[in-house]
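Working notes for the structure below.
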Amino acid sequence: MNGKNGSTIEINIASITKTNIPGTIKRSGDVKVSCKGWISILWEFCKEDRNRVIFSLKVGLAVLLVSLLILVRAPYKEFGTSIIWSILTVAIMFEYTVGATFNRGLNRALGSLLAGVLAIVITQIALSSGTTAEPYIIGISIFIIGTVTSFMKLWPSLAPYEYGFRVVLFTYCLIVVSGYRMGNPIITSIDRLYSIAIGAIVAVLVNVLIFPIWAGEQLHKELVKSFNSVADSLEECVRKYLEDDGSNNPEFFKTVIDEFPDEPAYKKCRSTLNSSAKLESLAVSAKWEPPHGRFQHFFYPWSEYVKVGAVLRYCAYEVMALHGVLHSEIQAPFNLRLTFQTEIREATNQAAELVRCLGKNINEMTRSLNTDLIRCVHSSTERLQHAIDLHSYLLASSNDAPDNSAKLLPKLSRTFTPTLSELSEQLAELDTEASELKLSPAGQDTPVMIPVTPRVESYHEMTRKHSRRLHSWPSREVDAFEEEGGLETNSVTRMKALESTTTLSLGTFTSLIIEFVARLDHLVEAVDELSKMAKFKDEIL
C-alpha cells in the first residue's frame with residue numbers, strides 16, 4: 001500500500017502464480033530426482049531420529065524369528081498352518097515404543113483369549129444341538145458378537161480398548177468358521193491360541209531387550225524440547241521486531257505463503273502447538289511401561305506431563321500472536337519501536353530465561369523455586385508497563401491542531417496554575433480574545449483584517465514529519481499534499497486516522513509480551529506440581 005503523487009491511493013496487489021507457491025506439485029515428467037538426491041533425503045530422515053532405523057531392524061528380526069517356526073521342519077509338524085498366526089501377531093503387535101507394544105499386546109492377548117473361550121463354548125453348544133441347528137447357532141452368534149463388539153468400542157470410556165474388541169471379532173469369526181469346516185473346533189482354537197502366544201512373546205522380548213525405545217523417555221524429551229522452542233521463538237520474534245526497519249521485508253502475500261522460511265524457531269513453536277495428540281499418545285503408552293531408566297518408581301505421573309504441555313501451549317499462543325504482529329501489513333514506526341527497545345528486550349530476555357530454566361529443571365528432574373528469576377521477570381515487565389504508561393502520548397493520535405488553536409496556544413501561560421480560580425480567569429480571557437478575532441470592534445459581522453504572517457515550522461514538527469515519511473504506514477508523501485493543499489479535507493483526515501493506527505501496533509506488541517509473562521505464572525505452578533508428584537530431587541544450591 002503506497003501513497004502516490006496524486007489525489008488517490010493505489011493498492012498494488014501482486015498476482016500470485018503457481019510458481020510462487022511452494023509445495024506446488026509438478027507433473028511426474030518434470031520431476032527429476034537423482035539417486036544421490038534420494039540417498040541424501042534418506043540419510044537426513046535417518047539422521048533426524050536414529051530410533052527409526054533401530055525400530056525397523058527390530059521388526060525385521062522379530063518377523064524372522066517367528067518365520068523360522070515354519071521354515072524349520074520340526075515346529076511346522078507340531079503346529080501346522082496355525083503357526084501363520086504368530087507372524088500375524090508380530091506384525092500387528094510390534095509398535096514403536098515399549099509401552100505401546102505392551103498396550104497392544106494386552107489388548108491382543110485378552111481379545112484372543114476371550115474369543116477362543118467364546119468359540120469353544122458356542123461350538124460345543126452348536127454340536128450338541130445337532131447338525132440341523134448347528135449352522136444357525138453359529139451364524140446367530142457371529143451376528144451377536146459383531147454387533148456387541150462394534151458397539152462397545154464406540155463407548156467413550158472403552159475407547160483405549162478399541163483394538164481389543166476388534167481382535168475379539170475377527171479372531172472369533174476365524175476360529176468358529178474354520179473349525180466348523182475342519183470338524184474339530186476345540187483343537188483348532190487351542191493351536192491358534194498357542195501360535196498367538198508365541199508371536200506375542202517374541203515381539204515383547206525383542207522390543208524390550210534389544211535397544212528399547214521407551215515412551216516415557218520420548219515424552220520427557222518432547223516436553224523439554226517444547227520449552228526450548230517457545231523460548232527461542234520468543235527471542236527471535238522480538239529481535240526481528242526491534243532490528244528490522246521494514247526496508248528488507250518481503251511483500252505481505254509472500255510472507256503468508258512462505259510461512260516465514262527465514263525463522264526456524266517459528267516452525268518449532270508452531271510444532272509445539274500441534275503436539276497435543278503426540279503427548280497424549282505417549283502418556284497413554286508410558287503408563288504400560290515398567291519402571292526404567294530415570295523413572296524408577298511405580299505409578300509415575302505421566303498425565304502431569306500432558307497438563308504441563310497444555311499450559312505451555314497456552315503460552316505459545318501469545319508467541320504466535322507476536323509473530324502475527326511482526327508480519328502484519330500495518331507496522332509501527334521504527335523509531336517509535338526503538339523508544340521502548342530497552343524495556344522490551346529486558347522483559348523478553350528474562351521471560352525466555354525463565355522458560356528455559358523450567359525446561360532445564362524438568363530435563364534434569366530437579367526441583368527449584370526460581371524465586372529470584374521470577375521476581376526479575378515481574379520487575380522487568382512492570383518497567384515495560386510503566387514506560388508505556390509514561391510515554392503513552394507517543395501512542396496517541398498525531399493529528400495536527402486547527403489553525404485557530406495554533407493562534408491561541410501562544411497566549412497560554414507557561415507557568416503552572418496554582419488554583420482553579422486563576423485557571424478559570426485564563427480560560428475566560430482566551431474566550432474573549434477568540435471572539436474578538438472573529439468579529440469587528442463595532443459588533444458587525446465583517447471580519448477584522450489581520451495581517452497574516454508566514455507560519456514558521458518548528459524543528460520538532462519538521463523532525464516528526466520527516467520520520468512519518470520514512471517509517472509510517474501508509475507512505476507519508478501525504479504530508480507534502482497537506483502542505484500544498486492538494487488533498488481534500490476528508491482525504492487528509494482519513495490518512496491521519498490510518499497513521500494513528502500504526503502506533504497501536506506497538507501497543508498490541510507490548511501488551512502481548514505482558515500477557516505472556518502473566519501466563520508464565522500458571523506454567524510455573526504446573527511445573528512445580530509435576531516436580532512434587534514425580535518426586536524430583538531438590539536442587540543443591
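Numbers below:
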read-out: Theoretical FRET efficiency, 1/(1+(r/R0)^6), r = Cβ-Cβ of VAL121 and LEU57, R0 35 Å, to 0.05; value: 0.25
read-out: Kirkwood estimate for the range 255-364, i.e. one over the average of 1/r between Cα atoms, Å; value: 17.0
read-out: Pairwise FRET efficiency - ARG239 versus GLU78, Cβ, R0 = 56 Å, nearest 0.05; value: 0.20
read-out: Full-stretch length increase - LEU504, SER328 - with 0.36 nm per residue and alpha-carbon distance subtracted; value: 62.1 nm
read-out: Two-decimal Rg to Rh for the range 104-156 - Kirkwood Rh, Cα set; value: 1.07
read-out: Value in Å of the Kirkwood radius, where the range 36-209 supplies the Cα pairs that are averaged; value: 17.9
read-out: In the range 36-209, lysine pairs with alpha-carbon atoms under 28 angstrom apart (chain gap of 8 or more, or interchain); value: 4
read-out: Taking the C-alpha atoms of the range 36-136, convex hull volume expressed per residue in Å³; value: 166
read-out: Over 26 Å between alpha carbons, listed pairs LYS268/LYS532; LYS360/LYS535; LYS267/LYS287; value: LYS268/LYS532; LYS267/LYS287
read-out: Of PHE165, LEU127, VAL202, farthest towards positive along the dipole that unit charges on Lys, Arg, Asp, Glu beta carbons give the range 36-209; value: VAL202
read-out: Förster radius 51 Å - calculated FRET efficiency between SER34 and LEU106, Cβ distance, rounded to 0.05; value: 0.65
read-out: log10 of Debye I(q)/I(0), alpha-carbon scatterers only, for the range 310-382 at 0.17, 0.19, 0.21 Å⁻¹; value: -0.81, -0.95, -1.07
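Read the figures in this text as sums done on the coordinates, not as results from a lab. Since the model is a prediction, treat every value here as computed from it, not as a measurement. Note that each Cβ is placed from the backbone with ideal geometry, even for glycine, and that neighbours are counted across all protein chains shown.
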